[in-house]
Amino acid sequence: MSEPREPRPNEPVDPLASDPEGAAAEARARRRAETSLLQEALASLRAELRARLPSDERGIDWLALFDALRVKLGTTGMRSLPAEVDEFGLDLAALERARPWLDLLFERWWRVEVTGLDDVPRERPCLFVANHSGLLPWDGLMIAHALARARLSPHVPRFLVEDWLLSLPFAQPFLTRLGGVRACRENAERLLRTGCSVIAFPEGAKGATKVFRERYRVQRFGRGGVVRTAIAARVPLVPVGVVGAEEAHPVLFRIESAARALGLPFVPVTPTFPWLGPLGLVPLPSKWWIGFGEPIRTDELAPDGEHDEILVWRLNEQLRRAVQARVDEGLRTRPSVWG
Amino acid sequence: MHAPGCVAITGLRSYVGQRLAERLCARGRGPRVLGIDLRRPWRLERRVPFERVDLTDPTANARLAEIFVRERVEAVVHAAFRRDPTPDLEADHELETIGTLQLLHACAAAKVSRLVVASSTMLYGPYPDNPQYLTEAHPLRGHPDAHCVRNRVEVEELVADWSRKRPDADVTVLRCAWIMGPTYWDRVVRHFSGALVTTVLGYDPLLQFVHEEDCLDAFEQAVLERHRGVYNVVAPGALPLSMLLRLAGKRSLPVPAPLLYRLQDLASRARTGDPPAAFYDYLRWSWLADGERGWNAFGEPVYSTREAWISFVSSRRMRQYR
């Protein structure tokens, strides 16, 4: 600021000026009371009505009628719509509508068997870490559905989805409505802060693009982002093994040459895709098994443990082994692929 | 610094400039307001003194500095930006980037101690790999095809640079979401004001708005109080495009992306006044901003995204019935 200047004649001195709190409160209070341009016009119209319309003789309050009519015309059919989504675009109404279909997939199509849910902490957010398979996030949807059916927490569990999947038309609105969220650390932390459990697939693209002969071999878990997120948010890490999802879309081999033109990481070739066209996207009815493992607690670690690279990588590998162990257990116990 | 005694507003004819001038004048013990633009807006109180300065003029910085010193300007609001993209790339660059540079020179020469710059959350850019909520620390990626956005990114870089060199000046940058309300008007509003709204087939992004009054509130407080730094000015809540349209009783016209971009490109090249095809990226990918910091500084907005949208739609409907 330049040197304090003397007030000019006719210039009002503001005693509140040096008090930002007061100025803010004043501005806000005045702002609510003040009339905008539109309201001014309405006020003058109202005054005109008052002058022209007889109000007392017949006992009709024209002004109230006018106001009511204005509000009615302005908002007809609008407030009746209970359209609401949460901050990540989850539409509870759409999810409710989809429940019967998810139940159908869960109970009849894949006959999902769930074990180890008793170990999962209740009423608090967790970071579920699972092996990934297939390009379509059926595994995420099914884990989220299994958790929702178990009613562990009032919050809807959310699953993280690869960027490129959310960049496909129709997939984006569909997945977003059902609780899919783009996989990135900011999103996971925000969700955990608001109390939602998060299902992550830290294998990332390496997991999604596995071909059939590499099935059920859990890949490296990125660079430990999941562990870091869990330490920062102080939530337990729950390893999850999914068995059966690899056979739902067995990728026999992948074509990488045509992929760039289509904006995909690769074009998968399965027994049904692309031979049957869109029908080839229907997953095969393999028998699924979802096993939840012993949670790994992170709240005893130092809060800045996320910067301890040795610790993070050790936990990361421990987590990967836990997921692999669950997967192996599922593979051992299942009688056949089709159950 | 206490509340400024004199506030200069560049771009007096812009929406924010004019409405902010009216608001500051309406304050009983508010600061003096000095308007700067190419022409005096036809509907503005006589109380606002006006100076004609062309920011694209090479000597604008000297002229502005002289005005600032003479009038003892303590705070400057920089709102001299085009509301809508123009096909004239050169003119756009001259006004927005070079104009800002001139203004910054003048502010430095006149030792202006507070600078408020109007910006937009559009500068974050629409990308499929954006986090759901972009904080102020997120880099401004802009949009490679939208020169208007690119210019504004450059403006922010200039302002940030200037602010680093002058730690004693309070520099506030307000990144506003798309403004909605009864009186605001621009291409975005135009896009949404018809009964049929073009959308990108298969995409339904969450959108967020800010009500015009809430936006002006933030500007007013940024002028009167000390709020250093960058703030997102957005309304709480976000709604998917399809839900917004359903709420307003509008129909959507979904067009496949490749066709839509090609058509829009042709239209904007033919200078029909349509925005460049890049506009539809903003109706395709996510670019929501995190308003937390702004709400803590300027108070929770009165209107949520949903209410801002309803306020806009209902005022448009009233116009039809008039």
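Quick note: the coordinates plus some simple rules give every number you see, no bench work behind them. All of these numbers come straight from a predicted model, not from anything done at the bench. In this analysis, Cβ positions are derived from the backbone assuming ideal geometry, glycine residues included, and neighbour counts consider all displayed protein chains.
Find the lysine pairs in the protein assembly as shown meeting two conditions, Cα atoms under 30 Å apart and a separation of 8 or more places or different chains, and report how many there are.
Within the protein assembly as shown, the lysine pair count is 4.
Loop-only GluC sites (Glu not before Pro) in segment A:114-202, please: DSSP not H, G, I, E or B, and at most 10 other Cβ atoms within 10 Å.
Those satisfying the criteria are A:123.
Can you give the extra length, in nm with one decimal, that the chain gains between residue A:118 and residue A:65 once fully stretched, where that is 0.36 nm per residue apart less the Cα-Cα distance?
13.0 nm
Would you calculate the separation in nanometres between label points at residue A:96 and residue B:43, each defined as 7 Å from the Cα along the Cα-to-beta-carbon direction?
Taking the two extended label points, one gets 4.4 nm.
Which of the trypsin sites (Lys or Arg not before Pro) across segment A:145-185 are loop residues per DSSP, with 14 or fewer other Cβ within 10 Å?
A:151
Quote to one decimal, in nm, the extra length available between residue A:41 and residue A:282 on full extension: 0.36 nm per residue of separation minus the C-alpha distance between them.
80.8 nm
Under 5 Å between amide hydrogens, which residues at least 5 positions from residue B:252 or on another chain qualify, with H placed 1.01 Å from N in the peptide plane?
Those qualifying (amide H under 5 Å, at least 5 residues apart or on another chain) are B:197.
Pop out the ³J(HN,Hα) list for segment B:181-195 in order, Karplus 6.51 cos²θ - 1.76 cosθ + 1.60 with θ = phi - 60°, rounded to Hz; leave Gly and Pro as x.
So the J values, rounded to whole Hz, are x, x, 10, 6, 8, 7, 5, 5, 4, 4, 4, 8, 8, x, 7.
Taking neighbour counts of Cβ atoms within 10 Å as a proxy for exposure, in what order, fewest first, do A:184, A:126 appear?
Lowest to highest Cβ neighbour count: A:184, A:126.
About the Cα centre, and with charges only on the beta carbon of Lys, Arg (+1) and Asp, Glu (-1), how big is the dipole of segment A:89-203? Nearest 20 debye, please.
320 debye
How would you rank B:168, B:37, going from fewest to most other Cβ atoms within 10 Å of each one's own Cβ?
B:168, B:37
With no solvent and one point per C-alpha, what does the Debye sum give as log10 I(q)/I(0) for the protein assembly as shown at q = 0.05, 0.06, 0.10, 0.12 Å⁻¹?
-0.30, -0.42, -1.01, -1.26
In segment A:229-309, which GluC sites (Glu not before Pro) fall in coil by DSSP and have 10 or fewer other Cβ atoms within 10 Å?
A:300
Taking neighbour Cβ counts within 10 Å as the exposure measure, how do B:9, A:231, A:310 sort from fewest upward?
A:310, A:231, B:9
Once amide H atoms are placed 1.01 Å from N in the peptide plane, what residues at a sequence separation of 5 or more from residue B:180, or on another chain, have their amide H within under 5 Å of its amide H?
The answer is B:210, B:211, B:212.
For segment B:4-145, take the alpha-carbon Rg, divide it by the Kirkwood Rh, and send me Rg/Rh.
Using Cα coordinates only, the ratio equals 1.01.
So what is Rg over Rh here for segment B:107-262, counting just Cα atoms and using Kirkwood for Rh?
Using only Cα positions, Rg/Rh for segment B:107-262 is 1.01.
Below 8 Å between Cα atoms, with a sequence gap of 6+, how large is the relative contact order for chain B in percent?
With pairs under 8 Å counted, the relative contact order is 19 percent.
Mind checking the dipole of segment B:138-229: about its Cα centre, +1 per Lys or Arg Cβ, -1 per Asp or Glu Cβ, Debye to the nearest 20?
340 debye
Among B:247, B:287, B:260, whose Cα lies farthest out toward the positive end of the dipole of segment B:242-300, if unit charges sit on the beta carbon of Lys, Arg (+1) and Asp, Glu (-1)?
B:260
For segment A:213-228, take each phi angle, set θ = phi - 60°, evaluate the Karplus expression 6.51 cos²θ - 1.76 cosθ + 1.60, and give the result in whole Hz per residue in order, putting x for glycine and proline.
Listing the rounded values in order: 6, 9, 4, 6, 9, 6, 7, 4, 8, x, 10, x, x, 5, 5, 4 Hz.
So if R0 is 30 Å, what FRET efficiency would residue B:137 and residue A:297 give, r being the distance between their Cβ atoms, rounded to the nearest 0.05?
0.50
Amide H of residue A:113: which non-local residues (sequence gap of 5 or more, or other chain) have their own amide H closer than 5 Å, using H built in the peptide plane?
Those qualifying (amide H under 5 Å, at least 5 residues apart or on another chain) are A:288, A:289, A:290.
Could you tell me what fraction of 2.2 N^0.38 Å the Cα radius of gyration of segment B:181-322 comes to, as a two-decimal ratio?
1.14
When only alpha-carbon atoms are used, what values of Rg and Dmax, in angstrom, describe segment A:189-339?
17.7, 54
Quick one: putting +1 on the C-beta of Lys and Arg, -1 on the C-beta of Asp and Glu, what dipole do you get for segment A:179-326 around its Cα centre, in Debye to the nearest 20?
Magnitude of the dipole: close to 360 debye.
Provide the gained length on full extension for the span residue B:69 to residue B:201, in nm with one decimal, where the gain is 0.36 nm per separating residue minus the Cα-Cα distance.
42.0 nm
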